[in-house]
Amino acid sequence: MPAPKEFLDFVDNNAGAFIQRLSEAVSIKSVSGDATYRPEVLKMSDWISQQFKAVGVEIQQVDLGKHIMEGQELQLPKAVLGRLGNDPNKKTVLVYGHFDVQPANLSDGWNTDPFVLTVQSNGQLVGRGSSDDKGPVLGWLNTLQYHHDNKEELPVNFRCCFEGMEENGSEGLDELVERESKPGGWFDGVDCVCISDNYWLNARTPVLTYGLRGIAYYKLNITGPTRDLHSGVFGRTVHEPMTDLIKLMSTLVDVSGKILIPGVDEMVMSADVEERYLYEALDYSIDDVEASAGASIALSSDKVEVLMGRMRMPSLSLHGIEGAFYGPGGKTVIPAKVSGKFSIRLVPPQTPENILPLVKAHVESEFAKLGSKNKFELEELHGGKPWVTDINHWNFQAARAATKAVYNKDPDMTREGGSIPVTLTFAEALGVSVLLLPMGRGDDGAHSTNEKLDRSNFIEGTKLLGTYLYEVGAI
């Protein structure tokens, strides 16, 4: 039962209105990792709720409580739960997305205001959250609008779960999913889950994703003097926190990407010849990697090694130093406290729980070697488990058929390097197939400057999400 032509035409005919709605969504500065913008994230929860109510979805905004961030108690953004249809003869599909975004400032290197959706002459829709993940969330809304406006029944029972803390650890969401998955809960009776929150490998070939890396995010705190010091007075007279931190962070990973924490890389088995072939067959090249990165800086010329480095091997990245001087010009200060942030992307059988002791033992040992009188502390900020699933399930068969119908080509089957921790929570709590069906391209620049979503991906991606529902309904 392919999607009707009337639906596809509706999407084409309403493209301008859909882009205008995406512009409204992007204008709400729903940055979850900055306390200053918490009112905007709360506003985004209300906006999403109103939009889905307008197309006939029963909505419940769920209070997830409060948390402490940047030394203050903040209200967590309400999760948005929705349902439409309760026909026992239809399959029930749960879709997940998030309405919070990464921080973005014009001074970071954006060419345009990150919170004003800019439609470029080449069709790119530039703005923070356009691809990650407001565009895909609105793709579901666009699909539902067709059925609402034309009084057409959906081919499935629809459930949705949208949150506002995905970019900051999804606090409160696991408990919500587990609670609502029980008999009588909002997700009771769900047959499969579809998440659109990742990307094609390149700008050519759509993908279906059957695996994600997990994450363990850490903060190394070094404290010394009670206040910042003058380097001319105290240089070479005291142990400096910044010096200790730089030495410590240099022991975590080498320039070739090898993780230097004993036992982390060793937990993962090497790929056999058959598995390596899966990566060889993907429509991806070193040129794609470097085009996406914007420079010729790939770690290897071996496509398979680079792809496995992204998908099936753990990685450790250094993210930043808090407390250090970073403004223009010179400032001869010795900071009293600095914090280094890093994360490890995890793959099975790694979990945040079995990686933490290895990290803790390593950094404590390396700090002891420094002989410093400064104080040291390791914080684990947040974590999520990796996930891999069966690509032969009917949920994937429906998505394959939908992709072929919309794009006239078979999708690549991929594991993804990023982390969406709730994916595993859905899989374990509901015991059903979870599928990642991306809308955006590999060069969208999510989390980076000048994030974009191509107009064609937004419009054809809306058709894809709707067609997927029809294919599930036909099974």
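One table, with the values for the structure above:
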item	result
Mean accessible surface per residue for the range 294-391, computed with a 1.4 Å probe while every protein chain stays in place, in Å²	53 Å²
Among the listed pairs Lys182/Lys463; Lys53/Lys404; Lys29/Lys337; Lys66/Lys219; Lys134/Lys409, those beyond 28 Å (Cα-Cα)	Lys182/Lys463; Lys53/Lys404; Lys29/Lys337
Spin-label pair Glu24/Glu6, simplified geometry with 7 Å Cα→Cβ offset, distance in nm	2.5 nm
Proximal charge balance of Gly473 [Cβ under 13 Å; K/R count +1, D/E count -1]	-3
Within straight-line cross-link reach of Lys258, aspartates and glutamates at Cα separation under 14 Å, skipping those fewer than 8 residues along the same chain	Glu266, Glu305
Ala54-Glu275 FRET efficiency (beta carbon distance; Förster radius 45 Å; 0.05 resolution)	0.45
Three-way shape label, the range 70-137, alpha-carbon gyration tensor, a/c 1.5	oblate
Cβ crowding within 10 Å averaged over residues, with 42-50, 439-447 ranked highest first	439-447, 42-50
Theoretical gain in end-to-end length, Glu377 to Ser285 [0.36 nm per residue, Cα-Cα removed]	29.0 nm
Rounded if a/c under 1.5, otherwise prolate or oblate - the range 277-354, Cα gyration tensor axes	oblate
Rounded Å value of the spacing that divides the Cα centres of the range 116-192 and the range 30-60	11 Å
Value at 222 nm in deg cm²/dmol, rounded to 500, when DSSP H runs of n ≥ 4 in the chain each add -39,500 (n - 2.57)	-10500 deg cm²/dmol
Amide proton proximity set for Asp454, modelled H, under 5 Å, gap of 5+	Leu125, Arg441
Histogram of C-alpha separations across the range 314-355, 10 Å bin width, %	23, 34, 23, 16, 5
Rounded to whole Hz, the Karplus (6.51, -1.76, 1.60) HN-Hα couplings of the range 302-307, x for glycine and proline	8, 4, 5, 4, 5, 5
Relative counts (whole %) of C-alpha pair distances in the range 331-475, using bins that are 5 Å wide	1, 7, 12, 14, 14, 13, 10, 8, 6, 5, 4, 3, 1, 0
J(HN,Hα) series, the range 142-148, from Karplus relation 6.51 cos²θ - 1.76 cosθ + 1.60, nearest Hz, glycine and proline x	4, 4, 5, 4, 4, 5, 5
Percent carbon-and-sulfur accessible area, the chain, ignoring ligands, DNA and RNA, probe 1.4 Å	49 percent
Antiparallel DSSP beta bridges within the chain, percent to nearest 5	70 percent
Sites Val116 and Thr226, calculated FRET efficiency, Cβ-Cβ separation with R0 41 Å, nearest 0.05	0.40
For peptides 182-195, 256-269, sequence by mean Cβ density within 10 Å, most packed first	182-195, 256-269
Reference-scaled alpha-carbon Rg (2.2 N^0.38 Å with N residues) for the range 1-131	1.25
Peptides 156-169, 314-327 ordered by average Cβ neighbours within 10 Å, highest first	156-169, 314-327
Spin-label model distance (nm) - Glu266 vs Val233, 7 Å beyond Cα toward Cβ	4.9 nm
Tensor-based shape of the range 1-71 (alpha-carbon gyration tensor, a/c under 1.5 rounded, otherwise prolate or oblate)	prolate
Radius of gyration and Dmax over the Cα atoms of the range 216-357, both given in Å	19.6, 63
Rg/Rh ratio calculated on Cα atoms of the range 412-475 (Kirkwood radius)	1.01
P(r) tail fraction, the range 134-233 - alpha-carbon pairs more than 16 Å apart, %	76 percent
Pair Glu364, Gln72: separation of 7 Å Cα→Cβ label points (nm)	3.6 nm
Karplus 3J(HN,Hα) series, Hz, for the range 151-162 with 6.51 cos²θ - 1.76 cosθ + 1.60 (x for Gly, Pro)	6, 9, 5, 5, x, 9, 7, 10, 10, 9, 9, 10
Separation between Cα centres of the range 383-435 and the range 332-381, rounded to whole Å	33 Å
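The values are calculated or read from the model by the stated rules, or taken from the named source; none is laboratory data. This structure is a prediction, so every number in the text was calculated from the model and none was measured. Every residue, glycine among them, receives a Cβ derived from its backbone with ideal geometry; neighbour counts consider all protein chains shown. The protein model used for the area step is the full one, side chains on, heavy atoms only, and it has no ligands, DNA or RNA in it. Shrake-Rupley method; radii C 1.70, N 1.55, O 1.52, S 1.80 Å.
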